[in-house]
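S.K.: Below you will find the structure I want to go over with you.
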There are 2 protein chains.
Amino acid sequence: MLSKKTQYAFRALEMLVSRYEQGPVLISDIARKKKIPLKFLENILLQLKKDGILESKKGKGGGYFLAQKPSRVPVARVIRVVDGPIAMLPCVSLYFYQKCKNCDEKHCGLHDIMIGVRDAQLAILEKKTLADLVV
Amino acid sequence: MLSKKTQYAFRALEMLVSRYEQGPVLISDIARKKKIPLKFLENILLQLKKDGILESKKGKGGGYFLAQKPSRVPVARVIRVVDGPIAMLPCVSLYFYQKCKNCDEKHCGLHDIMIGVRDAQLAILEKKTLADLVV
DNA sequence: GATTACCCTACCAAACAAGTAGGGTAGAAT
DNA sequence: ATTCTACCCTACTTGTTTGGTAGGGTAATC
């Protein structure tokens, strides 16, 4: 399951998408409108900025805004930044791969199944973008 | 990500599949061969039994064994018993549904995306069975 | 009736999640 | 230049989950 933090991230991004190219949006505006604890949200947006999904402007009239067109940011990217691995097993993760001990990947049925699941997940999560958040 | 517990469960089941209809298998045998902490494994097998995936026989010559043909037990079932929800959001889970507050499911882009992901996951996890664990 | 092997409860430490607190600092605007 | 705004950063707290341990109870074979 996605963490609450990640769900907050999506709710915040939703708002930034709908105000794309209309100037920076205040953290406090997002927090109030989306009912997210202010300081917790700060932390989330910072993470998204560090990854390059968001940009920010300081001082009066500042705030956060999308670094690129919503349709250029896959949902998968957001999940990886805030939540971590998408795959169901470390040994089939593309970005967070870890070898599983006591299991020969060449002869592991579970491994094969989870490769399939991962591909099915990514087929959607890499194609859908922030633009799809707003319906 | 699946918990270590769930991965243990699959490793244990793998062994029970390969010895299907060859009599009960000792917990201690599974623990030793699959390198799973004995008492922890006990707990896992008990859970699987309670759900009806396994049966057991007490006393000398006892042990655990599959309650039905491996090909009749979907991988999804094991995950739900040991790990819980498969879906990425509570509001799209079939077996563990929970309404998400502050989000109208009728007009939530993320909701729609995650419905798609869930279906893609289940298409595989409901079709693949314990029989597929052993290659 | 002794032994075997499952069954059950409780406990523990570490890690993570979710949220709080408080101040630091850069940058606009006046 | 100063002031105010709003982002930036670190640390802490609290509660839950995870992974694992301990120890004994109980039912069923032989």
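The values are calculated or read from the model by the stated rules, or taken from the named source; none is laboratory data. From a predicted model like this one, the values you see are computed outputs, not experimental measurements. No Cβ is skipped: glycine too gets one built from the backbone with ideal geometry, and neighbour counts run over all protein chains shown. Ligands, DNA and RNA are excluded from the accessible area calculation, which covers all protein heavy atoms including side chains. Shrake-Rupley method; radii C 1.70, N 1.55, O 1.52, S 1.80 Å.
S.K.: Consider B:LEU13 against the criteria (1) within 14 Å of DNA strand C (Cβ to nearest atom); (2) outside the structural domain of B:GLU126 (by TED's automatic domain parsing); (3) touching a residue at least 12 places away in the same chain (Cβ under 8 Å): it satisfies all of them except one. Which criterion is unmet?
M.R.: B:LEU13 satisfies every listed condition except (1).
S.K.: Let me ask something else about it. Name the single residue that is nearest to the other protein chains (Cβ to nearest Cβ) among those in region B:117-135 being assigned to a loop (DSSP other than H, G, I, E, B) and modelled with pLDDT of 95 or more.
M.R.: B:LYS128
S.K.: Six or more apart or on different chains, Cβ under 6 Å: which pairs go from a residue in region A:56-70 that's without any contact (Cβ under 8 Å) to a residue 40 or more places away in the chain to one that's open to solvent by 40 Å² or more (accessible area, probe 1.4 Å) and among the acidic types (Asp, Glu)? Could you list them?
M.R.: A:ALA67/A:GLU55
S.K.: Show me the helices (runs of 4 or more DSSP H) entirely contained within region A:1-116 in which 1 or more residues are more than 16 Å from DNA strand D (Cβ to nearest atom), open to solvent by less than 50 Å² (accessible area, probe 1.4 Å) and within 28 Å of B:PRO85 (Cβ to Cβ).
M.R.: A:4-18, A:75-82
S.K.: Check whether at least one residue in region B:57-75 is touching a helix residue (DSSP H, G or I) at 6+ places or on another chain (Cβ under 8 Å) and either facing chain A (nearest Cβ under 9 Å) or acidic (Asp, Glu) (or both), and report yes or no.
M.R.: The answer is yes; a qualifying residue exists.
S.K.: Of all residues in region A:28-54, how many are within 11 Å of DNA strand C (Cβ to nearest atom) and away from chain B (no Cβ under 14 Å)?
M.R.: Within region A:28-54, residues that are within 11 Å of DNA strand C (Cβ to nearest atom) and away from chain B (no Cβ under 14 Å) number 7.
S.K.: Taking region A:94-110, which residues are of a type in the set (A, V, I, L, M, F, W, C) and facing another protein chain (nearest Cβ under 7 Å)?
M.R.: A:LEU110, the sole residue that qualifies.
S.K.: When you scan region A:79-93, do you find a residue that is without any contact (Cβ under 8 Å) to a residue 40 or more places away in the chain, within 11 Å of chain B (Cβ to nearest Cβ) and farther than 19 Å from B:GLN7 by Cβ, even just one?
M.R.: So far as region A:79-93 goes, no, none of its residues is without any contact (Cβ under 8 Å) to a residue 40 or more places away in the chain, within 11 Å of chain B (Cβ to nearest Cβ) and farther than 19 Å from B:GLN7 by Cβ.
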